[in-house]
1. Please give the length that would be gained between Trp29 and Glu86 if that part of the chain were fully extended, namely 0.36 nm times their separation in residues minus their C-alpha to C-alpha distance (nm, one decimal).
2. Can you tell which of Ile58, Pro22, Thr39 lies farthest toward the positive end of the dipole of the stretch 17-68, using +1 and -1 charges on the Cβ of basic and acidic side chains (Lys, Arg; Asp, Glu)?
3. For a quick check: sort Thr105, Thr69, Thr99 by the number of other beta carbons within 10 angstrom, fewest at the front.
4. Check Gly107: other-chain or 5+ apart residues with amide H under 5 Å from its amide H, H built from backbone geometry?
Amino acid sequence: MNKVLSIAMLAGFLGACSDAEPQVSIEVWEHSTRHTNGTYFVVEITSLEDQVAVEDMIVNRGNCDYSETTPYSRKPYLPTDLNYGESIELKVYDDCSLTEIEVVTDGG
């Protein structure tokens with residue numbers, strides 16, 4: 001799991017910005033489900049700027065999907081605006097092995 005976390009975080013930092021300073025930080029946790037004996041990943045995106053518009057998250061160059069709505073209200077997670085220190089959590093399913101995460105923001 002540490003290998004996956006390191007790869008995902010590095011890819012997220014590289015994909016999260018076009019400037020020298022990243023606009024967001026990315027953390028990843030692996031979870032297993034008791035009901036299906038499967039696993040999924042939780043990706044937490046946190047703003048490092050006063051205001052960042054997170055427009056999309058691309059996992060493994062579009063080959064993996066993530067949960068697109070909140071579980072109770074079915075309100076879409078993305079796009080969303082985050083203030084400094086605010087974060088969102090997205091779940092990645094489909095037995096996907098995380099290799100690259102790109103976060104698309106209003107700053108590139």
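1. Working: separation 57, 0.36 × 57 = 20.52 nm, distance 1.78 nm.
Length gained between Trp29 and Glu86: 18.7 nm.
2. Thr39
3. Details: Thr105 21, Thr69 11, Thr99 14.
So the residues, fewest neighbours to most, are Thr69, Thr99, Thr105.
4. Ala53
Any read-out appearing in this document is the output of simple, stated calculations on the displayed coordinates, not a laboratory observation. Keep in mind it's a predicted model, so treat the numbers as computed, not measured. For neighbour counting, all protein chains shown are included, and Cβ atoms are generated from backbone atoms with ideal geometry for every residue, glycine included.
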